[in-house]
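K.L.:
What follows is a single structure, and I will ask about it in a moment.
The values are calculated or read from the model by the stated rules, or taken from the named source; none is laboratory data. Keep in mind the model is a prediction, meaning the values are calculated, not measured. Cβ placement follows ideal geometry from the backbone for every residue including glycine, while neighbour counts extend to all protein chains displayed.
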Ligand code: NAD
């Protein structure tokens, strides 16, 4: 059996750090808590539950939380106007636009209405450009991608000089994970839905990050012994949540010298901890400005 890359205790330490920053900010704002706002335009139950959990964690860190629920039929104009209003509100320190969006809405177009200094999920072109330029200083990162790196660091997985493979190239997860791993000194290859023979490449990985959105895509035959595997996938399976990795066969194949992040308990809770921390950091920067 492989080592388990759990989010705890690091995610709890990040929550403490967020609470400490918010407390400092409160003093600077005369006791008025900064707001984390989540805009949600879906009726998908999983997304609604997820947003409630995230806002609960933000409230536990001392942030005021605001949920703005739009109809699942909302269009670009209404979503953009909502994000612009929150961007202009000096009490709002962080803004999250929850997925999925109504069909036909162009995510890249609407996120342009988010003030980059409040973009706590690193969704805007301005923050993506800073990451692409290798400027991590104060940059708000895509939270899930940042969570993958945080999980690897929390478990002291060396990155410099390692061969890493990322499955998936979305702007939300795969691409920023590849950029962050490269900045950390790994040699990175990205595979995606058009890659022939994914296994030939994933078997060369010392670190494998899987963000394909396909349940159980990566199995034991796709990994080498000793590989460290991070599973970003989230799929509801009745009462359970499973990932993009077939945990049983992959855990056996990577063996005792390898590792696997659990689903649930891995990237998911670390992502929430990063979102709340980035909101607290954004609030602290606003209060100091
Ligand atoms: P996406 O659908 O936007 O992108 C999926 C990527 O995987 C694409 O680049 C595609 O080319 C690639 N892909 C699809 N099928 C493939 C295949 N058969 N072989 C190789 N590559 C393939 O998804 P996303 O938003 O990047 O999310 C990926 C997964 O991560 C989903 O399961 C999602 O639910 C999960 N997710 C988890 C968190 C979290 O906090 N843990 C956050 C965001 C997304």
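K.L.:
If we scan segment 179-188, do we find a residue that is at negative phi, modelled with pLDDT of 95 or more and near the ligand (Cβ under 9 Å from one of its atoms)?
P.N.:
Scanning segment 179-188, I find no residue that is at negative phi, modelled with pLDDT of 95 or more and near the ligand (Cβ under 9 Å from one of its atoms), so the answer is no.
K.L.:
Being touching a strand residue (DSSP E or B) at 6+ places or on another chain (Cβ under 7 Å) and at pLDDT 95 or above: is that true of residue 232 here? Talk me through it step by step, then tell me what you get.
P.N.:
On the way: touching a strand residue (DSSP E or B) at 6+ places or on another chain (Cβ under 7 Å): yes; at pLDDT 95 or above: yes.
Against the criterion (touching a strand residue (DSSP E or B) at 6+ places or on another chain (Cβ under 7 Å) and at pLDDT 95 or above), residue 232 qualifies.
K.L.:
If I filter segment 219-232 for residues that are near the ligand (Cβ under 9 Å from one of its atoms) and either surrounded by fewer than 16 Cβ atoms within 10 Å (Cβ to Cβ) or outside any strand (DSSP E or B) (or both), do I get at least one hit?
P.N.:
Within segment 219-232 (the criterion being near the ligand (Cβ under 9 Å from one of its atoms) and either surrounded by fewer than 16 Cβ atoms within 10 Å (Cβ to Cβ) or outside any strand (DSSP E or B) (or both)), the answer is yes, since at least one residue qualifies.
K.L.:
Checking the structure you have, find out if any residue of segment 62-76 is part of a helix (DSSP H, G or I) and touching a strand residue (DSSP E or B) at 6+ places or on another chain (Cβ under 7 Å).
P.N.:
no
Here is a yes/no grid of residues against (1) buried (at least 17 other Cβ atoms within 10 Å of the Cβ); (2) out of contact with any helix residue (DSSP H, G or I) (no Cβ under 9 Å at 6 or more places or on another chain); (3) over 15 Å from residue 39 (Cα atoms):
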{"site": "69", "(1), (2), (3)": "no, no, no"}
{"site": "76", "(1), (2), (3)": "no, no, no"}
{"site": "96", "(1), (2), (3)": "yes, no, no"}
{"site": "127", "(1), (2), (3)": "yes, no, yes"}
{"site": "141", "(1), (2), (3)": "yes, no, yes"}
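K.L.:
Which condition does residue 209 not pass, out of (1) assigned to a loop (DSSP other than H, G, I, E, B); (2) buried (at least 16 other Cβ atoms within 10 Å of the Cβ), if it passes all the others?
P.N.:
Unmet condition: (1).
K.L.:
Could you give every pair whose Cβ atoms fall below 6 Å, whose first residue belongs to segment 10-22 and is more than 15 Å from residue 56 (Cα to Cα), and whose second residue is assigned to a helix (DSSP H, G or I) and modelled with pLDDT under 95, counting only separations of at least 6 or pairs across chains?
P.N.:
So the pair list comes out empty.
K.L.:
Here are some residues: 139, 82. Which one is away from the ligand (no atom under 16 Å from the Cβ), over 25 Å from residue 212 (Cβ atoms), in contact with a strand residue (DSSP E or B) (Cβ under 9 Å, 6 or more places away or on another chain) and touching a residue at least 12 places away in the same chain (Cβ under 8 Å)?
P.N.:
Selected residue: 82, the only one of 139, 82 that is away from the ligand (no atom under 16 Å from the Cβ), over 25 Å from residue 212 (Cβ atoms), in contact with a strand residue (DSSP E or B) (Cβ under 9 Å, 6 or more places away or on another chain) and touching a residue at least 12 places away in the same chain (Cβ under 8 Å).
K.L.:
Next question, about the same structure. Going through segment 233-242 one residue at a time, which ones are over 20 Å from the mean Cα position of the chain (by Cα) and either assigned to a strand (DSSP E or B) or within 14 Å of residue 267 (Cα to Cα) (or both)?
P.N.:
Start the filter on segment 233-242 by keeping residues that are over 20 Å from the mean Cα position of the chain (by Cα), which leaves 237-240.
Selection gives 237, 240.
K.L.:
Please report, ordered by residue number, the strands (runs of 3 or more DSSP E) entirely within segment 84-198 with at least 3 residues that are closer than 26 Å to residue 18 by Cβ.
P.N.:
Passing ranges, in order: 92-97.
K.L.:
For segment 247-267, give me the residue count where each residue is more than 10 Å from the ligand (Cβ to nearest atom) and either closer than 17 Å to residue 152 by Cβ or touching a strand residue (DSSP E or B) at 6+ places or on another chain (Cβ under 7 Å) (or both).
P.N.:
Number of matching residues: 10.
K.L.:
In segment 12-59, what count of residues is obtained for those that are surrounded by 15 or more Cβ atoms within 10 Å (Cβ to Cβ) and in contact with a strand residue (DSSP E or B) (Cβ under 6 Å, 6 or more places away or on another chain)?
P.N.:
11
K.L.:
Taking interchain pairs and intrachain pairs at least six residues apart, which have beta carbon atoms under 6 angstrom, with the first residue in segment 264-276 and closer than 11 Å to residue 55 by Cα and the second near the ligand (Cβ under 8 Å from one of its atoms)?
P.N.:
Hits for this filter: 275/143.
K.L.:
Could you please find all residues in segment 194-207 being within 12 Å of the ligand (Cβ to nearest atom) and in contact (Cβ under 8 Å) with a residue 12 or more places away in the chain?
P.N.:
Hits for segment 194-207 are 198, 199, 201, 202.
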